[in-house]
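Heads up, the thing below is written out as structure tokens.
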Amino acid sequence: MSRLKNRVALISGAASGIGRATAERFAAEGATIFAVDLQEQALAETEAALREVGATITTALCDVTDEGQVREVVQRCLSQFGALHQLTNMAGILRFDHFHELSLADFEQVQRVNVTGTFLLCREAVPALLEQQGNIVNAASTASLQGVPWGAAYAASKGAVLAMTRAIAVEYADQGLRANCVCPADIKTPMTSPTFPEGADLRKLGRLRSMTGVRGPEVVASVIAMLASDDGAHITGEHIRVDGGALA
Ligand SMILES: NC(=O)c1ccc[n+]([C@@H]2O[C@H](COP(=O)([O-])OP(=O)(O)OC[C@H]3O[C@@H](n4cnc5c(N)ncnc54)[C@H](O)[C@@H]3O)[C@@H](O)[C@H]2O)c1
């Protein structure tokens, strides 16, 4: 499939997990990739893997919580490729704490990466995306939709990402810009080997488990590619669970 031919996509969190798998999938569908992350070595591995299959890719180190860095990478992408058609925000962090022990600093750090980082990239990219009638896919979570024990900071952030994405979708729908979320669960990535707090009774995770087992990040990347392509042309303000039926 070449659904993303002649499209430029900026992907955050592209050094690992779902972000890297999305870069690979988008490249396989013909997109030009501008990949950003904090992790220098791992980002270089994403770049090397994509170049090996003939993809056009540029990478840039970027802390998505830093307004200046975010502005700079969006501008670099535009000056290098001349346009931006698609933004995928996959940069994110997860932590588990007993709620009553969650420090303000840790709570705020999760909001800063997951919410502020997503906000900054969306805000900087929207003017360019509007020019192309492009689209955004953000990383929400099943934690946006159902209670997750020990995950208050993460759940608050992912609820915010979902709400923000809907707001963007409604605000710009009449100008042809679409914005959607994926809500993954049980996708095997470095993020899903979390440390649970001491004494956590894992039975409380209950139905939050996928019924089809743990899957690789490519199962989310394929859904993101659909939303990013014209196959998703009539989908905006939507979230799609990619959770193996966990919340079915
Ligand atoms: N894996 C799952 O089951 C799952 C479930 C629900 C939601 N998600 C969401 O999907 C997204 C991708 O998760 P993943 O599982 O691929 O995790 P991952 O840890 O493999 O990848 C996250 C990437 O984000 C990058 N990152 C973190 N902070 C950053 C910052 N400040 N600036 C730039 N980059 C930063 C990391 O370096 C890493 O490469 C996340 O937003 C996550 O919350 C994942």
Qualifying residues in the stretch 45-62 (those that are within 12 Å of the ligand (Cβ to nearest atom) and surrounded by fewer than 16 Cβ atoms within 10 Å (Cβ to Cβ)) - the one farthest from residue 225 (Cα to Cα): 61
Subset of the stretch 13-43 [assigned to a helix (DSSP H, G or I) and within 12 Å of the ligand (Cβ to nearest atom)]: 17, 18, 19, 20, 21, 22, 23, 40, 41, 42, 43
Residues satisfying the stated conditions in the stretch 74-115, i.e. of a type outside the set (D, E, K, R) and within 10 Å of the ligand (Cβ to nearest atom): 88, 89, 90, 91, 92, 93, 94, 109, 110, 113, 114
Pairs with Cβ under 6 Å, 6+ apart, first in the stretch 33-46 and at pLDDT 95 or above, second of a type in the set (S, T, N, Q) and not in a strand (DSSP E or B): 35/46; 42/16
Matching residues in the stretch 189-211 - criterion: being within 13 Å of the ligand (Cβ to nearest atom), loosely packed, with under 14 Cβ neighbours inside 10 Å and assigned to a loop (DSSP other than H, G, I, E, B): 193, 194
Selected residue (criterion: nearest to residue 106 (Cα to Cα)) from residues of the stretch 157-188 that are within 16 Å of the ligand (Cβ to nearest atom), in contact with a strand residue (DSSP E or B) (Cβ under 6 Å, 6 or more places away or on another chain) and part of a helix (DSSP H, G or I): 161
Count of residues meeting criterion [exposed (fewer than 14 other Cβ atoms within 10 Å of the Cβ) and either near the ligand (Cβ under 8 Å from one of its atoms) or modelled with pLDDT under 95 (or both)] in the stretch 215-231: 0
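A quick yes/no check of all residues on (1) within 13 Å of the ligand (Cβ to nearest atom); (2) assigned to a helix (DSSP H, G or I); (3) in contact with a helix residue (DSSP H, G or I) (Cβ under 7 Å, 6 or more places away or on another chain):
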{"site": "117", "(1), (2), (3)": "yes, yes, no"}
{"site": "122", "(1), (2), (3)": "no, yes, yes"}
{"site": "125", "(1), (2), (3)": "no, yes, yes"}
{"site": "131", "(1), (2), (3)": "no, yes, no"}
{"site": "136", "(1), (2), (3)": "no, no, yes"}
Selection count, the stretch 136-170, where residues are of a type in the set (Phe, Trp, Tyr) and buried (at least 24 other Cβ atoms within 10 Å of the Cβ): 1
Test: residue in the stretch 73-93 that is over 25 Å from residue 226 (Cβ atoms) and within 14 Å of the chain's Cα centre (by Cα): yes
Filtered residue count, the stretch 162-192, keeping only those that are more than 18 Å from the chain's Cα centre (by Cα) and on the phi < 0 side of the Ramachandran plot: 6
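The values are calculated or read from the model by the stated rules, or taken from the named source; none is laboratory data. Since the model is a prediction, treat every value here as computed from it, not as a measurement. Because the Cβ atoms are built from the backbone with ideal geometry, glycine has one as well, and the counts that use them run over all protein chains shown.
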